[in-house]
Each structure stands twice: as structure tokens, then as C-alpha cells.
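Any read-out appearing in this document is the output of simple, stated calculations on the displayed coordinates, not a laboratory observation. None of these values were measured; they are calculated from a predicted model. Cβ sites come from the backbone with ideal geometry, for glycine too, and all protein chains shown count toward neighbours.
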Amino acid sequence: MTGVVDHPTVLFTEPGARWRAVAYGPALCLIILLIELVTGSTVHWFALIFCAALIAGFVVLQVIAGQRHVSVELTEAVVRAGTETLSLTGIAAVLPERDDESWDDEDWESARALGELSGVPRRRTGIGLRLTDGSFAQAWAKDHRGLRAALTEALDRQRGGGIETIDSTVEATGGVEDSDETDDRYGENGADH
């Protein structure tokens, strides 16, 4: 019997930090070293090597932390934001983006963010989720529109084409709305434009 491991298909990923960032500090020190060699000035060997190692060491710690706490991955079964993994079966709906022209905050904007951080990480945008228990949560990503589309598609595929999306005006009015407006806002799969 062969030990074949079935890896889930990754639909969306953001690494949080990249290892190439470790090379930036040493590369800058190398450029300074070359400038000192070319200009004939005193070459600061020890200082440049020490600074290159020190900068690289700090950046290694930042990359490890970024990959652990700020990475995002969506598979056919789960969405992982930082250190928290949420099964797609636990998500009832992907909520629409915040209306920039609205004065009111959406309910999901004050919900907890997935992961162990206290909120949505810097330079990331939250995506409202209504969970199956009725509570709200926020997934997040730099490319939030890409994650929203991939998440909506994964949920749609998992439920056989019947993903539920929520419109904030329908929620506020108790569910009664003119059907002509609904047709304008939603595409054929129910996702908002």
C-alpha cells in the first residue's frame, strides 16, 4: 500500500511575508561596500558585515512572524487567516463590501477578525462573513476582492450553486425589496458587482 497524501487544492493564497525581503539589507550593505571600494575611501568591512547580518536577522524574524500570523489560504474545505482555520461549512454567507457612501457601519465591521490578532492586520481589508451560528466574523487579505471572489466561488461550488449573499438594505428593511433593483445589483450567481 502506498502512502499517497491527498493535498487540498489551494484556491487563494497570500504568504504574509516573502523570504526575498531578507536579502534587501545585505544587498544594500554590499552596494555600500562596492561604493567604498570604487571610490578608494576606507572600507568598513566589520561594520558592513555586522550590519548586514543584524538586518538579515531581524528581517528573518519578521518574515517568520508574517508567514505565521498574516498569511491567508483558501482551499476547497477551509479558509485559514493567520493561525485560525475556519471550515467553509461554518460560513453561512459572504457579506457585500462596505458601501463607501454609507454613513452607517455594517454589523460585520465590528466583528472579530479571524486569526489571533486583535483586529484586521494593517494593509489588509476585512471581508464580512455570517457564520452558521448567526454570528459575524471578518476574513481579511491584501487582495480582498480576489479572496472574496474565490471564497464566494468555493462556497457556491460546495453548496451546489446556491450560495447565499446578503444585501444590507434587505437586512435593514426586514427582507422586502423591489425585485428590479435586486436584478441590477446581483449577477447570475448571486455575487454582488
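Taking amide H as placed 1.01 Å from N in the peptide plane, residue 84 has its amide H under 5 Å from the amide H of 115, 116, each at least 5 places away in sequence or on another chain. Using the Karplus relation 6.51 cos²θ - 1.76 cosθ + 1.60 with θ = phi - 60°, the per-residue 3J(HN,Hα) values for segment 134-144 come to x, 7, 10, 8, 10, 7, 7, 6, 5, 8, 5 Hz, with x marking Gly and Pro. Distance from the alpha carbon centroid of segment 77-96 to that of segment 100-134 works out to 13 angstrom.
The chymotrypsin sites (Phe, Trp or Tyr not before Pro) of segment 1-108 that meet both conditions, a loop assignment by DSSP and at most 16 other Cβ atoms within 10 Å of the site Cβ, are 103.
Note on residue 19 and residue 35: the model spin-label points, each 7 Å out from Cα along the C-beta direction, lie 3.0 nm apart. Averaging Cα coordinates gives a centre for segment 140-159 and one for segment 62-76; these two points are 17 Å apart.
Computed from backbone phi, the HN-Hα couplings of segment 150-155 come to 5, 5, 4, 5, 5, 5 Hz, rounded to whole numbers (Karplus: 6.51 cos²θ - 1.76 cosθ + 1.60, θ = phi - 60°; Gly and Pro given as x).
Using R₀ = 41 Å, calculate the FRET efficiency as 1/(1 + (r/R₀)^6) where r is the Cβ-Cβ separation of residue 76 and residue 122; round to 0.05.
Values: r = 29 Å, r/R0 = 0.71.
After rounding, the FRET efficiency stands at 0.90.
Between the beta carbons of residue 9 and residue 68, assuming R0 = 35 Å, the FRET efficiency works out to 0.95 to the nearest 0.05. Note that segment 10-69 shows a convex hull volume over its alpha carbon atoms of 67 Å³ per residue. Between residue 159 and residue 58, the modelled label-to-label distance comes to 4.7 nm, taking each label 7 Å out from Cα in the direction of the beta carbon.
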